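No value in this document is a laboratory result; all are computed from the given coordinates. Bear in mind the structure is a predicted one, so any value in this text is a computation, not a measurement. Glycine gets a Cβ as well: all are built from the backbone with ideal geometry, and neighbour counts include every protein chain shown.
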Amino acid sequence: MQAHGSVLITGGAGFIGSHLSERMIAEGWRVVVLDNFDEFYDPAVKRENLREILGHPRFRLVEADIREPGAVEALIAAERIDAVVHLAARAGVRPSIADPLLYASVNLVGTTAVLEACRRQGVGRLVFGSSSSVYGNNRKVPFAEDDPVDNPISPYAATKKAGELICHTYHHLTEIRVACLRFFTVYGPRQRPEMAIQRFARLMAEGRPIQQFGDGTTERDYTFVDDIVDGILRALERAETFHIWNLGGSRTVTLKSLIAKIAERLGVEPNVECLPAQPGDVDRTWADIGLAARDLDWAPTVDIDRGLDRFTAWFRRQSLVRRSG
Ligand code: NAD
């Protein structure tokens, strides 16, 4: 069965990319993942992410860096790629403040390299994984796609905004159809280990203190990974020109309440260490998803309570496997 053609997923061994790869294979695509298994978190975790699909006849894994001259282009040519989902990036706000040059290199130079390879090979469609961080400390809520995004407050946010800009340039020059999707804090099974939900769960399960930055009133709009995957697929199908769409749960949860919800599910009393707010962290994220609803017929289907149930079920299974292994 090859209902859809061949897709290249950069960063496909990561959290979101591995879920997307599984789903696209299930839907009949031929999936080529390009990933350099960087050291941002344990590469063994990323290998595990792909375990289910590694031997599938419509799946191929290529270990390479998007910045390697000619690497992406050669792959697009050899695999006759029809569409690209570009998720490879250095993620995370705080580490981007520690190493901004690396973030600029991977997220900006790397994104340009992917777009240039698409231009040279005539790829017609691309989805770019952008981020709610581009909104900075936007006071107007919820955040809409036409709000000003000229005030990013971390190098990571600035590279994501820059990525959207260079996507627009390539759309203008080559008419490639592009969807820049602004993901709002994504969670679910296989979430990146350093992100709040998984980090808190791990520390609580080990009986260690968790660090709460700020007074606990900061708010995030959490989005379950299956909803993000659904939004990526719809955007890939429906993008006609150049688009920016928010993909978010469109409900906010305070940090305090998030900690309480995780603790309740793990049956523990959390030991919370209060620390000052961190530079680069925004006070609140909240997605206006009207545009994605109108253009993509998309709406989130998993709320935070059901999503955390599914996350903790996965987390428990993982912990058991680790202990018995
Ligand atoms: P992730 O770190 O799990 O996945 C990124 C993958 O890219 C990793 O497997 C990594 O090895 C790979 N990679 C990094 N640099 C590379 C390079 N130079 N060449 C090839 N591969 C490289 O992160 P994720 O949470 O799955 O995020 C995926 C994308 O979505 C990223 O672009 C991220 O910025 C964006 N995003 C994520 C979230 C979220 O909440 N998870 C929110 C907004 C945006």
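Can you give the Rg/Rh ratio of the stretch 41-157, where Rg is from the C-alpha atoms and Rh is the Kirkwood radius? Could the numbers behind the result be given before it?
Values: Rg = 16.7 Å, Rh = 16.4 Å.
The Rg/Rh ratio comes out at 1.02.
What number, in percent, do you get for the relative contact order of the chain if the mean sequence gap of Cα pairs under 8 Å and at least 6 apart is divided by its residue count? Before the final figure, lay out the partial values.
Numbers: 627 pairs, mean separation 55.8, N = 325.
RCO, the chain: 17 percent.
Helix-only estimate, please: 222 nm mean residue ellipticity of the chain, summing -39500 (n - 2.57) across DSSP H runs of length 4 or more and dividing by its residues, to the nearest 500.
Values: 12 runs with 133 residues, N = 325.
Using -39500 (n - 2.57) per qualifying helix, the result is -12500 deg cm²/dmol.
If every alpha-carbon in the chain counts as one equal scatterer, what log10 I(q)/I(0) does Debye give at q = 0.11 1/Å?
-0.67
I need the peptides 14-24, 306-316 ranked by packing, meaning the mean over residues of other C-beta atoms within 10 angstrom, with the highest value on top.
Working: 14-24: 24.7, 306-316: 17.7.
Final packing ranking: 14-24, 306-316.
With springs only between Cα atoms under 10 Å, which of GLU63, GLU48, GLU206 fluctuates most in a Gaussian network model of the chain?
GLU206
Can you tell me how much longer the chain between VAL109 and ILE97 gets when fully stretched, taken as 0.36 nm per residue apart minus their C-alpha distance, in nm with one decimal? Intermediate values should be presented prior to the final figure.
On the way: separation 12, 0.36 × 12 = 4.32 nm, distance 1.77 nm.
Here the answer is 2.5 nm.
When all alpha-carbon pairs of the stretch 146-290 are counted, what percent fall beyond 21 Å?
Details: 5465 of 10440 pairs.
For the stretch 146-290, the fraction of Cα-Cα distances above 21 Å is 52 percent.
Mind putting a number on the dipole of the stretch 145-243 about its Cα centre? Charges go on the C-beta only, +1 for Lys and Arg and -1 for Asp and Glu, and I need it in Debye to the nearest 20.
Values: 12 positive and 16 negative charges, 107 e Å.
Using Cβ point charges on Lys, Arg, Asp and Glu, the stretch 145-243 gives about 520 debye.
Under the definition of Cα pairs under 8 Å and six or more residues apart, what whole-number percent is the relative contact order of the stretch 107-197? Each step should come with its number before you reach the end.
Working: 98 pairs, mean separation 36.2, N = 91.
Relative contact order of the stretch 107-197: 40 percent.
Can you tell me, using C-alpha contacts under 8 Å and at least 6 residues apart, the relative contact order of the stretch 177-325 as a whole percent?
Numbers: 237 pairs, mean separation 53.3, N = 149.
Computed over the stretch 177-325, the figure is 36 percent.
Top mean-square fluctuation among ILE232, ILE97, ILE81, Gaussian network model of the chain, C-alpha springs under 10 Å?
Looking only at ILE232, ILE97, ILE81, the largest GNM fluctuation is found for ILE97.
How big is the gap, in Å, between the Cα center of the stretch 156-217 and the Cα center of the stretch 20-42?
17 Å
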